[in-house]
Structures are given as structure tokens and as C-alpha cells.
């Protein structure tokens, strides 16, 4: 009798253990993150998402599993990653940058998809407007009004007559900004000289064609351009062309000045949407958002190398200034 009682108790313990494992497994949340390429701005979005999840109480390896893959700049890779992620059936997918988000949106209509760092998700056909989508998609855009960017350029170069712009023809966020720049700057008598660059390897050659033709080079978060930023900085330095950017991370990499939002903050904002979904909120009821705070940052050493002196009043108004060494 004791033997059978012990067997029964042992079986009950095993069953209880297995049930607890199932409950624990059910409590564990799976978040899959992908980016079209790895560079500082997109990496900061990823880090911001992870830090926000941690701040909200999720513990990596305990109740949270995060999978990350970069497409290494390849749309074909982005499509393969999308298929793999969908097969894994995570609780939420975070897609950083337009090509990755488009690949994910084409692969699933069910798994919650949160985009991040996309300039125009409407033009990218991810959302119809800035209202809750009723679909499996929401996210955070890095959209910035062009008028303040033009005002920023004219603060750095007061007598602005021409702007150089290097872009990837295949990136919709870049082509949209180019169209806006041409429309608005032409009204002010300012020329835009645009040079396409299909690959990161084409960036230095494209930049060299602007020598003697422009007062500054303006850069946005075009993934090819950002991935090759150091080579662009080298050309700007050697040819005394001020390099301006719409993303603050650029000053650490050698731009003269930048006016834009922190991509780490975009990541934290994105992470908040992910948490809402993990806690049970329907993704289709969550309104897509735009990054909130814009900051002016200046690199005085870069300004010196690129042959420009910035007005002291502009320097005083900056959120952050890297001093000359």
C-alpha cells in the first residue's frame, strides 16, 4: 500500500511540475526584432525597445525572450527573416526601418507588428492614416516637418543658396524627403543638387561630385548613407563642405550639426507600444505615433574641419555641443 501511495504521490508531483512548466512557458513573452541594417541610429532604436521592456518589469531569460536579426542591407534577407519570424509565432514583431517593416507586413496579417524609425508609414503603405488601423500594425515614425529642417540649415549657413542631398533611390523615406526639399527650397531660390547612390560603396563617389557645387550636404536616415557615414564625413572634411543631419547621432560620427529626434527615445517610445500589446491590448486599437522631442546638437571640431564658423547665438541654443579638441 505504501508503495502504491508513494508512486501516486510521485506521479502527482511530476504532473504538478509539468503543469507549472506549461504555465511558466505560457507566461514567457517572445519579442522578435529585426532591422534592415546595423548602424548606430537603428541600433539605438533596438536598445531603446529592450531597455523599455526591462523598465516595465520584463526580465530577459525569465519571462521574456528576444530574438534579433539584421537583414544586412538586403531586401531579400529581410523577406527571409520575415518568413522565419512568422514561422516562430512570437507575441510581437518589431520592424526597424521601412524595408524590414514592409517585408513583415507582407508576411503576416495576424502577428502584432510594431514598426519603428519609418519616416512615412502612410507612403510605405503600412498604415492608411494616423488613426488606429484595425489591423495587426502600429508603430512609431521618425517623421519630421521639413520647414524646421530648412530653418536649421539656414541657421548654420545663413546665406544658403544650394543644398546637396545623397540618397538611395530605392528607399521611399529618402525619395519623399527629396521631393519635399525641392518643392520648398525652390520657393526660396535655393537649389537642391541630388545625387543617387544605390549602394554604400557609392556614397563617397556621390559626395565628391558635389564639390564646389553646394553650400552644405544635408543627410537623413537613409540607411545606405548612414551605414557609410564615415566615408561621407571624410569627403566633407577634405572638400570643406559642411555636413548637416536630421538625426543627432550624426555629430558623434563627424557631422557639423544635427537637428532631430533621439533614436534611443524612439526606441523607448516603441517599447511602450510593445508592452501594451504584451499586456493584452489589441494592436489594431493602438494609434500610430510620431517621435516627440527634437534637439539641436553641434560638433565644433567638425565645423572647423568642414570650413564653417557657427554663429555663437546658435551654439548657445544647442541642446549639446561637442567642443573643439
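All of the numbers you see were taken from the coordinates with simple rules; none came from a lab. It should be emphasised that the depicted structure is a prediction, and the values quoted were computed from it without experimental measurement.
Where does the chain land at 222 nm, in deg cm²/dmol rounded to the nearest 500, when only DSSP H runs of n ≥ 4 count, each adding -39500 (n - 2.57), divided by all residues?
Value at 222 nm, helices only: -13500 deg cm²/dmol.
What is the angle, in °, between the Cα long axis of helix 98-107 and the longest principal axis of the Cα atoms in the chain? Nearest 10 is fine, range 0 to 90.
Taking Cα atoms only, the helix is inclined about 30 degrees.
Using only the alpha-carbon atoms, how far is helix 229-238 inclined from the longest principal axis of the chain? Give it as 0 to 90 degrees, nearest 10.
Value to nearest ten degrees: 10.
Helix 75-88 sits at what angle to the longest principal axis of the chain, using alpha carbons and giving 0 to 90 degrees rounded to 10?
Helix 75-88 sits at roughly 20 degrees to that axis.
Using only alpha carbon pairs under 8 Å that are at least six residues apart, calculate the relative contact order of the chain and give it in whole percent.
19 percent
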